[in-house]
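Here is the structure we will look at.
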Amino acid sequence: MSPSPPPIRSFWRTFRRNRMGMVGAVMLILAVLMAVFAPVLAPYNPYQPTRVTIDDIYAPPSPEHPFGTDDAGKDVLSSFIYGARVSLIVGFFASFISIFIGGVIGISAGFYGGKLENGLMRFTDIMLVIPDFPLIVLLVALTKPNLLNIILVIGLLGWTSSARLVRSQTLSVKQRKFVLRARAIGAGNFHIIRRHIFPLVLPLIVVNTVLVISLAVLNESALSFLGLSDPTKISWGQMLNFAFTRGAMSAGAWWALVAPGLGIVWLVLSCTLLGQGLEQVLNPRLETHHLSVGSKMVARMMGIKETPAIGD
Amino acid sequence: MSPIVQVTHLRKLFPVKKSGLFDRNETFVHAVDDVSFTVGRGEVLAVVGESGCGKSTLALTLMGLERPTSGVIQIDGQNIATLNGKEMQVVRRHVQMIFQDPYESLNPIMTIADIVAEPLKVHGLVKNKQERQERVIRALEDAGLKPAVNFMHRLPQELSGGQRQRVVIAGALVLEPELLIADEPVSMLDVSIRAEILNLLLELRQTRGISIVMITHDLGTVGYVADRIAVMYLGRLVEIGPALQVLQQPQHPYTRALLSVVPVPNPRQRRERVILQGETPNPINLPPGCRFHPRCPVARPHCQQHDPQLRLVPVGHEVACLEVTPKELS
Amino acid sequence: MGTHNPYSLQKAPVLMSVTDLSTDFLLESAPPAHALVDVSFTLREGEVLGLVGESGCGKTTLMLSLMRLLPANGRITSGTVNFMGQDLLGLSENAMAGIRWKHIAMIFQGAMNALNPVQRVGDQIAEAIVQHNYIQDKGVVDGRVIELLDLVGIGADRRSQYPHQYSGGMRQRAMIAMALACNPQIIIADEPTTALDVMVQAQILELLDNLRQKLGLSILFVTHDLGVVAEMCDTVLVMYGGVTAEYASVDTIYNDPQHPYTRELLRAFPDLSRPTEKLASIPGHPPRLNALPPGCRFAPRCPAVFDRCHTEQPALHLVKPGHWASCHLVEQM
Amino acid sequence: MLTILFVITLNFFLFRVLPGDPARAGVRDPRLTKEAVEAIRVRYGLDKPVINCFQSLNPVEFGDCFINPLDTQFIIYVGNLLQGELGISYHTNRPVADMLMEMLWNTLLLIGLGQILAIVLGMSLGVLAAWKARTAVDHGALLFSLTAWSLPTFWLGIILLFIGSSYWGLPIGGRLTPGTVYNTSIERWLDIGNHLILPTLTYTIVFLGEYMLIMRSTLLDVLSEDYILTAKAKGISTFQILKDHALRNAMLPMVTIIALNLGFTVTGAIQIETVFSWPGLGGAIFTAVNRRDYPMLQGAFLLIAISVIFANLVADLFYSYLDPRVEDS
């Protein structure tokens, strides 16, 4: 009789078989590697000033410049590789801020209920109604558009949907009988949150984090595109802004537009796929064919609710 | 010796939210309304009734998980309403609960050992790991999960329903309680394994002298386990008495009707069935007089005016009905 | 409630006969689970057949196989379902849709989930009438809905309410009214009273029994409650792990059971009329359909088990006319 | 109501707290004398205390607490709002309300058209995917939707603009072709329509993916309910089950998501209107941010927030129409 594998290992076993999740994970890892090893991978250092001639401006792809050059005659490939850094940094840090706020508000509102919940949810609803992006644009424009400000603004405004999700999950976990059992044992609120609520809300938080990252990446790129990027850092959105406002369209320089855009799509898509995959693994639904029978009934029929055991 | 539980005039009302903004007349769900009874040491008391009769609220109130609106609950002679947090924790250790749904009452991501050890950690009862481990093993084996090492590192979903219910019982036993409150402990289990759980509970009563309050709607099984039976209707106790007496000579018309409709697994046995019409009304707008009179087959006009109290019929058997005449005390 | 006179019942014409019906479930990473193996029975006009067993015994699979409503991973692998001179398993999907509800209707456990929460109860009943009788006149349909609700004791004014406004018992009544919408010959009732209180259960059972007598219905009654079976049924099919354990008249099952599982199940079932006897239990637990033991499926829990039981699944043996049991001991008798 | 009050308050104070003196930022002209700046401040009412006890919030300057509250910027602002007065643009010197109204219609045209298309197409695709669950159709639709969801709005706009203007002969931006004289209003509308194609297409693609995903997963959930089995047992055809039983139940989460999404529509609008030079609210916000045109921004925010609140109300009403359980709970 071997003991059952720890949850992490059994999670990995199921996740490995989830094609969507695995593709997303691999795509994300590749993006992270590219960002980390940018100095090694990039053929030129985009931060180094270079002397350019007129021929170097919007030069089409060539062996020297596989992705062509931009309006300043710089190598698009190098900028592209370095640009991943800003997207990833903003994506990760901003989403951690959002998830932290959303998680704390969601769990406390869901668990404690009553006036606290009313107040917090009222506030969340109001924040939810106020459109994020114009506010993000405004705040970044009026403070200084540097990396820290961008992260803070995106992070501090992006928690509302997480808070609602976490709250509803907390509510449903709270209803479950093992929480009542813990109370009957005499456990306090802190113990119940730590041992019973949080571990069961965690999978949702993980899935949500991944999706919030993709939103943060999208918001950052849009900000940069509108010209509100950290001027000292190259980012994909900024590259697109320069290309769009400095005549790449009329010059027919599609290479300056395609690479950074695809970079954003790659990153966002990887998070979306990973999020979908994680959700399927962590929150499995019996996707049996619906038009023939209810999945609840299948579970009943198969006796899935009860698993056979050992020792008898 | 004093009884382990003494409940006097217990009342638990839940306020109902009103939709009208200016309606200040608050209404209440009368979940438990003026209920008194005692549970002796080593006794099994079954509380039976249909859904909405207040039996589950009664269980939660006994556990201290709901605060009574009025009335007194004494456990081990202590009024639990007057206890402070620390004293309450001590009482709690001696009163443990078993739940209806063994699929739901165990946290799916905790191992069996963690689940059974949790009460020890919450109460800070053991200091070292080894002692904790020993007590967990003892509790599991006392609950019939032998050998315990085969189960300790498993997750609840790897066990069958019956085994899970044993884990719940082990989690209660690990604190060495004096009183168990069992809320429908077998109703979610397959018929063929119900008896083992019930027999286990009876065994614990024998070997450890644990008192049990069993909440159930299953009249079929109460006769096998209970010493006394209490019947609830709309928040009230309508009958309470020794199990066999209540089952074989029910006095209250509601008890009689209820017993008459329990299906008997014998096609040759035909009985007169008293099927009450309608369903239990909701406990918000209670009928005047006797709560049962609108559905009662023997109701008379005075039942609409007088709210009957529990009265002794023979010794130890109490009934709240105006139409039942007390027998001579013998 | 009156059990029918077995002699008159035996003369009644056979309405449906099922032979050797087997169903598999295809599983993703395991060999198919044999959820139902060679089940046979007949249902006569006016008969109530009880289908008894614990969780995962295949009774719901049987019911859905008869209606051909199995999930996508369910496959009927063999057998015939003969109804009104045709094999239901051979019909086209369209023809089968014409059989459903018009001739064979169903009542489900937990009527809350079986009723559409956003449709008025009356409309859900009307839907079945319109579907199978091609009545377009709204007044006629509405009249029929009122008639049906009256039959099950629901006031006409409640037909425009939604399921959540009904109590549990009322929903089950509405479900029965819906089942009767097209005057079916057979009603399949899947645990119709399981989630209900005793008193409401008694009301529903009484209603079903009255309707059965009034309308001459045949009922396939799926349940795990032996008490309900004793009160409602004429014949009983006891299932265990997807196979027939025993099949006989209700009197035989209760008074002369041959299969050890039937015997043990009866001993484990509480009987209010004998409250002092100790309740027995069957050690172990019912098998899961994708982890069946080799040989007899009851062998791991059987008190009378011997070597052969662990290797060979016993066939269904005729004990005496009208009484079958699948146990090696019966064969040896 | 409380929400609107909160939005108004937030809207007001946000602009007082943010850095940069509005008057100075609004009229960036170094030649202006101190007196001239002061005159502008008086003209825009910026010389008055922000609210009792505070003369200004950035930098924080405490003031008299016992002044007449009616003579503070806040109360004057609220009072003006109640009269439909949103102030005067620092940049164009025109009343903000008039400017916003013009642009609102343009934006509504774009958002409305795009949303309707996205909802209709997304839901149809979702239904198709759920119906054909786990087939190639499903996988294809899923992949398409995930990718569509992942596209940055502005980038998709640029790419479509690039393709559309160089290969399909579509206009490069704006609402009307400059310098055209229209003989009939139909001609004018046709020109607008021609300009609308690309932005609407961008808008539709961006939102379509999410609607498809939600529709697919809720429909799968609904189709696994027991009442679908009941309907099937009743002999109802697959098509009718989808139409009569599944869709209405699946619409419930859809309505919630669409309502929640309305906030995001503005995000899309800002990007699309910038790329396509569409004279709408979104583009105006961006321009106003760059010009520090505070009254314009305040007005635009308020308008957007109120529209979103209003749309949420409508969604709530629609929801309770769809779900009879809402009223009684």
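The values are calculated or read from the model by the stated rules, or taken from the named source; none is laboratory data. Since we're looking at a predicted model, the values are computed, not measured. So basically every Cβ, Gly included, is an ideal-geometry build from the backbone, and we count neighbours across all protein chains shown. Surface areas here come from the heavy atoms of the whole protein model, side chains and all, with no ligands, DNA or RNA. Shrake-Rupley method; radii C 1.70, N 1.55, O 1.52, S 1.80 Å.
Listed values, structure above:
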read-out	value
Chain C, relative contact order in percent, only Cα pairs under 8 angstrom and at least six apart counted	20
D:S56 long-range amide H proximity, modeled H, under 5 Å	D:V50, D:E61
Distance in nm between pseudo-label sites at C:I135 and B:K86 (7 Å out along the Cβ direction from Cα)	7.6
Non-local Lys pairs in chain D, i.e. 8 or more apart or on different chains, that have alpha carbons under 21 Å apart	5
Proximal lysines to C:K320, defined as alpha-carbon separation beneath 25 angstrom and excluding residues fewer than eight positions away on the same chain	C:K11, C:K59
Amide N of the range B:252-278 lying under 12 Å from the label point, which is placed 7 angstrom from the Cα of B:V298 along Cα→Cβ	B:252-257
Protein-protein interface of the range D:143-186, residues with accessible area decrease of at least 50 Å², isolated chain reference, 1.4 Å probe	D:L146, D:W149, D:S150, D:P152, D:F154, D:W155, D:I158, D:F162
Cut-off under 5 Å, modelled amide H: who pairs with B:M214 long-range	B:L45, B:A46, B:V47, B:A182
For the protein assembly as shown, size of Cβ-based charge dipole, Lys and Arg +1, Asp and Glu -1, in debye	1400
Where Rh is the Kirkwood radius over Cα pairs, Rg/Rh for the range A:20-305	1.09
Computed over chain B: relative contact order in percent, which uses C-alpha pairs under 8 Å that are six or more apart	20
Protein-only accessible surface order, largest first, of C:H328, B:H153 at 1.4 Å	B:H153, C:H328
Most mobile of D:L247, D:L14, D:L229 in a GNM of chain D (Cα contacts under 10 Å)	D:L229
Label zone at B:K146, where the point sits 7 Å out along the Cα-to-Cβ direction: the range B:173-189 residues whose backbone N lies under 19 Å	B:173-174
Interface area, C with A, accessible, probe 1.4 Å, both sides summed, Å² nearest 100	1500
1.4 Å probe accessible area per residue over the protein assembly as shown, in Å²	42
Convex hull volume per residue in cubic angstrom - Cα atoms of the protein assembly as shown	241
Paired Rg and Dmax values of the range B:38-77, which use every Cα atom, in angstrom	11.2, 30
Rounded to whole Hz, the Karplus (6.51, -1.76, 1.60) HN-Hα couplings of the range B:134-145, x for glycine and proline	4, 5, 5, 4, 4, 4, 4, 6, 4, 7, x, 9
The range A:125-217: equivalent-ellipsoid semi-axes (sqrt of 5 x gyration tensor eigenvalues, Cα, Å)	35, 12, 12
Mean separation of Cα contacts under 8 Å (6+ apart) over length of the range D:96-328, as relative contact order %	29
Per principal axis, descending, Cα span of the range B:127-273 in whole Å	59, 31, 26
Modelled FRET efficiency - R0 22 Å, C:L91 with C:E45, Cβ distances, 0.05 increments	0.55
222 nm mean residue ellipticity, helices alone, for chain D (DSSP H n ≥ 4; -39,500 (n - 2.57); rounded to 500)	-23000 deg cm²/dmol
For the protein assembly as shown, with +1 on Lys and Arg beta carbons and -1 on Asp and Glu, the positive-most of C:L88, D:V314, A:F11 along the dipole	A:F11
Candidates per GluC sites (Glu not before Pro) in the range C:25-116, loop by DSSP, up to 16 other Cβ within 10 Å	C:E28, C:E45
Cross-link pairs beyond the 25 Å C-alpha cut-off, checked among C:K102/C:K214; B:K55/B:K146; A:K174/B:K146	B:K55/B:K146; A:K174/B:K146
For the range B:96-140 versus the range B:256-330, the gap between their alpha-carbon centres in whole angstrom	42
Computed label-point distance, nm, for sites B:K129 and C:A156 using a 7 Å Cα→Cβ extension	7.6
Value of D in µm² per second that Stokes-Einstein yields for the range D:258-314, Kirkwood Rh from Cα pairs, at 20 °C (1.002 mPa s)	184
Cα centre as origin, Lys/Arg/Asp/Glu Cβ charges: the range C:110-183 dipole, Debye	200
For B:Y233, distant residues with modelled amide H under 5 Å away	B:V238
Tilt relative to chain D, helix D:185-223 - C-alpha long axis, 0 to 90 degrees, to 10	60
³J(HN,Hα) computed for each position of the range A:129-145 - Karplus, 6.51 cos²θ - 1.76 cosθ + 1.60, integer Hz, glycine/proline x	6, 6, x, 4, 4, x, 5, 4, 4, 4, 5, 5, 5, 8, 8, 9, x
Stokes-Einstein D (µm²/s) once Rh is taken as the Kirkwood radius of chain B over alpha-carbon pairs, at 4 °C in 1.567 mPa s	61
Accessible-area order (highest first, 1.4 angstrom probe) of the listed residues C:H34, C:H103	C:H34, C:H103
Rounded to 10°, Cα long-axis angle of helix A:19-36 versus longest principal axis of chain A	40
Rough spin-label spacing in nm, given labels placed 7 Å along Cα→Cβ, for B:Q157 and A:R9	1.8
Förster-model FRET efficiency, 30 Å R0, B:Q305 and B:E272, C-beta, rounded to 0.05	0.50
Tail fraction, Cα-Cα pairs, chain D, threshold 35 Å, whole percent	40
Cα long-axis angle, helix C:198-215 against chain C (0 to 90 degrees, to the nearest 10)	80
The range A:20-305 - percent of accessible surface contributed by carbon and sulfur, probe 1.4 Å	67
Qualifying aspartates and glutamates (Cα of each under 20 Å from Cα of C:K138; at least 8 residues distant if same chain)	C:D123, C:E127, C:E147, C:D150, C:D157, D:D244
Dipole-positive endmost among C:A181, C:N113, C:V140 within the range C:110-183 (Cβ charges, Cα centre)	C:N113
Column: log10 I(q)/I(0), Debye, Cα scatterers of the range C:110-183, q = 0.16 Å⁻¹	-0.47
Cα-based reach from B:K121 at 15 Å (exclusive), listing aspartates and glutamates while leaving out same-chain residues under 8 positions away	B:E131, B:E134, B:E176
Phi-based couplings in Hz for the range D:132-146 (Karplus 6.51, -1.76, 1.60; Gly and Pro marked x)	9, 3, 6, 10, 4, 4, 4, 4, x, 4, 5, 5, 4, 5, 4
Residue range of chain B that is longest and free of GluC sites (Glu not before Pro) which are both DSSP loop and sparsely packed (at most 11 other C-beta within 10 Å)	B:27-271
In the A-B interface, the accessible area buried, summed over both sides, Å² (probe 1.4 Å)	2900
Segment D:L143-D:I67, extension gain: residue separation times 0.36 nm, minus the distance between their alpha carbons	21.0 nm
